[in-house]
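Structure first, then comments.
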Amino acid sequence: MRCLVKLIAALHFSALGFPCAAQTLPQGLFSVGQFEIGTATVDDVQSRLGVNKPSPIELGDGADVALCYSAGTSPSAPTIVFETGALGGWKEITAYRLTKRGKRRCKLTDASLMAMSTANGLNFRTERKLVERMLSQSKLTNSGESIRVEEVYRRRPTESEAARMRRSGLDPDQVAFDVVDIVEVRFKHGVIDDLYVKRLVSY
């Protein structure tokens, strides 16, 4: 089922004419609090932050689901939300949101979410000028107190992916992954107030 979903998505992406561009966003953005998008799973999150039932993000069959954890009951309490969906097999994490703008009921956690950061050091104390410097190789869209980056590109399989393909009878030299990276950052008083990072991969 998962391979079928990936195949359908790949055909859709190809129909959109995705360019063969290179990734410019820092890889460290795709890992937060030791959870890496595309590698960490729902089970990994629950084993570290607590058992939590995934909830649909939108109405309808096949909607992405989210796991939400908060350090308190206040709407401004530090919160982390992990997402997964069809391209993650509803198992692998495809996105996260580190926010102080919580709008949903979340499971309380003892984890220090205020201090949680990306692998390259972004957290709630990071100033806007540092974020913009870190994203300077990408095309930014500025809108008041927020910035956004969306990149679409193709990449070759990694060595581990190529090995799995060979075991499955696929030729990795004939495969290219379509990747969509999205980063959205909102600021309050000049520092990060909400950080959303998403990566969708298909072939």
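The values are calculated or read from the model by the stated rules, or taken from the named source; none is laboratory data. Because the structure is a prediction, the values reported are computed rather than measured. So basically every Cβ, Gly included, is an ideal-geometry build from the backbone, and we count neighbours across all protein chains shown. Just the protein is used for accessible areas: all its heavy atoms, side chains included, with ligands, DNA and RNA removed. Shrake-Rupley method; radii C 1.70, N 1.55, O 1.52, S 1.80 Å.
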Residues that are open to solvent by less than 70 Å² (accessible area, probe 1.4 Å) and either within 15 Å of residue 97 (Cα to Cα) or not in a loop (DSSP other than H, G, I, E, B) (or both), drawn from the stretch 55-64: 55, 57, 64
Filter pass, residue 105 being outside any helix (DSSP H, G or I), among the basic types (Lys, Arg), open to solvent by 80 Å² or more (accessible area, probe 1.4 Å) and at pLDDT 95 or above: no
Residue in the stretch 163-203 that is farthest from residue 22 (Cα to Cα), counting only those that are surrounded by fewer than 16 Cβ atoms within 10 Å (Cβ to Cβ) and in contact with a Pro (Cβ under 8 Å, 6 or more places away or on another chain): 166
Tabulated pairs, the stretch 36-53, first more than 17 Å from residue 161 (Cα to Cα), second assigned to a helix (DSSP H, G or I), C-beta under 7 angstrom, 6+ apart or interchain: 52/46
Residue selected from the stretch 76-96 under the condition part of a helix (DSSP H, G or I) and of a type in the set (Gly, Ala, Ser), by the criterion surrounded by the most Cβ atoms within 10 Å (Cβ to Cβ): 88
Qualifying residues in the stretch 37-54 (those that are under 14 Å from residue 111 (Cβ atoms) and of a type in the set (D, E, K, R)) - the one surrounded by the fewest Cβ atoms within 10 Å (Cβ to Cβ): 48
Near pairs, Cβ below 7 angstrom, 6+ apart or cross-chain, from the stretch 65-83 (closer than 11 Å to residue 102 by Cα) to any residue that is open to solvent by 50 Å² or more (accessible area, probe 1.4 Å) and in a strand (DSSP E or B): 68/107; 69/107; 70/108; 81/97
Some residue of the stretch 114-137 being within 24 Å of residue 88 (Cα to Cα), in contact with a Gly (Cβ under 6 Å, 6 or more places away or on another chain) and not in a loop (DSSP other than H, G, I, E, B): yes
Test result for residue 117, among the small types (Gly, Ala, Ser), out of contact with any Leu (no Cβ under 8 Å at 6 or more places or on another chain) and open to solvent by 60 Å² or more (accessible area, probe 1.4 Å): no
Failed condition for residue 99, given (1) touching a Leu at 6+ places or on another chain (Cβ under 8 Å); (2) without any contact (Cβ under 8 Å) to a residue 60 or more places away in the chain; (3) surrounded by 17 or more Cβ atoms within 10 Å (Cβ to Cβ): (2)
